[in-house]
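Reading through the structure tokens given below for one structure.
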Amino acid sequence: MRLLLIEDDDRIAGPLTEGLGRYGFTVDHVRTGAAGLADRAAAPDLVLLDLGLPDMDGLDVCRSLRARSTVPIIMITARGEEADRVVGLELGADDYLAKPFGVRELIARIRAVTRRAGAPAYAPTGPVDVPQTQQQAASAQVLGRLTINRRTREVHLAGGQVALTPREFDLLAFLAKDPGTVYSRQQIMDAVWDPHFFGPTKTLDAHVAALRRKLGDPCWITTARGVGFRLTVPGDHTAAEASG
Ligand code: CA
């Protein structure tokens, strides 16, 4: 597994690179945001992103990375960057670790994030027309014009592939388990983020907004005010009536 480590502090990057190497990870280490965003021969399977970089705001690096790929991103944050963590999660980062942390803790997070991500990490974003194979179709859930394939973690809308981040996919797949059912914010945070997630859940709203945008119709995910969210198939009057 190839990691891209974007961290300007060699006192952190040195031991991390060495420690991760002992666990079999290949680490590409760069010290600036610009170097992190530069094209590289081998695409990383995961990005470790320090938010305090010398040349640019780590959040801008996060936004740029997310704009062009679904690669899992773990932010490395310093004390006092709590607000940045929330913004980073809203921008599409998958998790964060606060300094100081140990290599074992980092590896646990890497495993959790990549387990959730599942699919090839560096898939191009943007709609791509991919014909569905029969095997894909067999394990897919069809909801109106939407097809969700949990095995390949692909989503198609009217035949065109929708590029979702790992977290967006998990959120959609969770809500789609039982269309029409309202899930509370805490249920969603527990299932899609971390069990017993504690803290601001603004990141959930950001992900719902992103999903609505990517699915091209806000009606796919309806807000149950004061409770949570449910998946509704646009034009499916049965579900709409049942929900009142
Ligand atoms: Ca730094």
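Pairs linking a residue in segment 13-27 that is assigned by TED's automatic domain parsing to the domain that holds Leu48 to a residue that is in a helix (DSSP H, G or I), with Cβ atoms under 6 Å and 6 or more positions apart or on different chains, are Gly19/Val103; Tyr23/Ile107; Val27/Thr17; Val27/Leu20.
For segment 50-86, how many residues are assigned to a helix (DSSP H, G or I), modelled with pLDDT of 85 or more, away from the ligand (no atom under 12 Å from the Cβ) and not charged (D, E, K, R)? Looking only at that region, the number is 5.
If the condition is being without any contact (Cβ under 8 Å) to a residue 12 or more places away in the chain and either part of a loop (DSSP other than H, G, I, E, B) or within 26 Å of Leu89 (Cβ to Cβ) (or both), then segment 141-177 contributes only Lys177. Does Gly92 satisfy the condition of being buried (at least 20 other Cβ atoms within 10 Å of the Cβ) and within 16 Å of the ligand (Cβ to nearest atom)? Against the criterion (buried (at least 20 other Cβ atoms within 10 Å of the Cβ) and within 16 Å of the ligand (Cβ to nearest atom)), Gly92 does not qualify. You will find that of Thr201, Thr133, Thr165, the residue that is of a type in the set (S, T, N, Q), modelled with pLDDT under 85 and within 30 Å of Leu97 (Cβ to Cβ) is Thr201 and no other.
Just checking, does segment 33-40 include any residue being surrounded by fewer than 16 Cβ atoms within 10 Å (Cβ to Cβ) and within 12 Å of the ligand (Cβ to nearest atom)? For segment 33-40, residues surrounded by fewer than 16 Cβ atoms within 10 Å (Cβ to Cβ) and within 12 Å of the ligand (Cβ to nearest atom): absent.
The values are calculated or read from the model by the stated rules, or taken from the named source; none is laboratory data. What you see is a predicted model, and the numbers here were worked out from it, not measured in a lab. Note that we place each Cβ from the backbone using ideal geometry, even for glycine, and neighbour counts take in every protein chain shown.
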